[in-house]
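Step one of this worksheet: look at the structure below.
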Amino acid sequence: MLTFESNMTAAFETYLRSHTSLTDAEIEQIVSAAIPVSLQRNETLLQQGQVCRHKTVIVKGLLRIYGTAADGSEHILHFALENGWAVDAESYHQQTPSQFTIAAVEHSELLLWTKPDFDRLLKDIPELNVLSEQLVIRSNFSNRKRLFASLSATPEEKYEDFVKTNPDLLARLPLHMIAAYLGISLKTLTRIRHAQVRR
């Protein structure tokens, strides 16, 4: 992991100004507590079995959060892209070993906060607490929707929904990762895509 220049925080500052009513002083306080980190493609931020000790925001790039089954197959829970947050919430809040791995899909530039630092920021800056709660609620809604789709939707419906809701991700992800996210085989995904082309 390599650190990068602090001027890369400008994009995150812009994000905070457009999504919150934080003051310049509060934004400076949040940014000054951050640890800038650069990940290369496939480099891990969190390894399964480690404790998640940081809140992470993606300034540039794309991460995936995934678990590995007993047979070695990968099951992707979430993709986090620019202005998104990446954390294993259970491991982070309980400080227990994570069941998941967080890794870079492409070269990524991140801002990390240690749990003690972020807890202090939440206590000192009520508006950050509001933003954090909104992100948790949005994540819970998204997870419930994905769970229902995984239980009830056909492979074709899963892929069509992915294309509709994540059009900007299609060109950035290899097919095997899309398949691992949708919970279908690469062979099935290839068949669906070919069928769509022939339509």
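The values are calculated or read from the model by the stated rules, or taken from the named source; none is laboratory data. Being a predicted model, the structure only gives us computed values, none of them experimental. Counting neighbours? That spans all protein chains shown, and the Cβs are built from the backbone with ideal geometry, glycine included. Note: accessible area is taken over every heavy atom of the protein model, side chains too, but ligands, DNA and RNA are not part of it. Shrake-Rupley method; radii C 1.70, N 1.55, O 1.52, S 1.80 Å.
How high is the relative contact order of the range 121-199, in percent, with contacts defined as C-alpha pairs under 8 Å that are six or more residues apart? If you can, show how the numbers build up before the last one.
Values: 24 pairs, mean separation 17.3, N = 79.
Relative contact order comes out at 22 percent.
Per-residue 3J(HN,Hα) values for the range 146-156, derived from phi via the Karplus relation 6.51 cos²θ - 1.76 cosθ + 1.60 with θ = phi - 60°, read 5, 5, 5, 5, 5, 8, 10, 8, 6, x, 4 Hz in sequence order (x marks Gly and Pro).
Note that the range 1-112 carries a Kirkwood radius of 14.6 Å, evaluated over its alpha carbons pair by pair.
Determine the share of the range 66-139's accessible area contributed by carbon and sulfur atoms, expressed in whole percent, with a 1.4 angstrom probe. Before the final figure, lay out each step's value.
Values: 1990 of 3630 Å².
Ligands and nucleic acids excluded, carbon and sulfur give 55 percent.
The orientation-averaged projection of the convex hull spanning the C-alpha atoms of the range 68-156 amounts to 7.9 square nanometres.
Along the range 86-100 the Karplus relation, 6.51 cos²θ - 1.76 cosθ + 1.60 evaluated at θ = phi - 60°, assigns HN-Hα couplings of 10, 7, 8, 4, 5, 5, 5, 6, 9, 6, 10, x, 7, 8, 10 Hz to successive residues, with x for each Gly and Pro. Spin-label model, Ala171 to Ser21: label points 7 Å out along the Cα-to-beta-carbon direction sit 3.8 nm apart.
With 18 Å as the limit, the listed pairs Lys158/Lys187; Lys145/Lys187; Lys55/Lys115 have Lys145/Lys187 beyond it between alpha carbons.
With the simple model of a label 7 Å out from the Cα in the direction of the Cβ, Met8 to Ser150 spans 3.1 nm. Calculated on C-alpha atoms, the gyration radius of the chain divided by its Kirkwood radius gives an Rg/Rh of 0.99. Shown in residue order for the range 26-37 are the 3J(HN,Hα) couplings computed by the Karplus curve 6.51 cos²θ - 1.76 cosθ + 1.60 at θ = phi - 60°: 5, 4, 4, 5, 5, 5, 5, 8, 7, 10, x, 9 Hz (x for Gly and Pro).
For the peptides 28-36, 58-66, residues were scored by their other Cβ atoms within 10 Å and the scores averaged per peptide; the highest-first order is 58-66, 28-36.
Find the relative contact order for the chain and round it to a whole percent, using C-alpha pairs within less than 8 Å whose residues are 6+ positions apart. Answer for the chain is 22 percent. Accessible surface computed residue by residue for the chain, with neighbouring protein chains in place and a 1.4 Å probe, gives 56 Å² per residue. Both radii were evaluated on the Cα set of the range 137-199; the Rg over Rh quotient, with Rh as the Kirkwood radius, amounts to 0.97.
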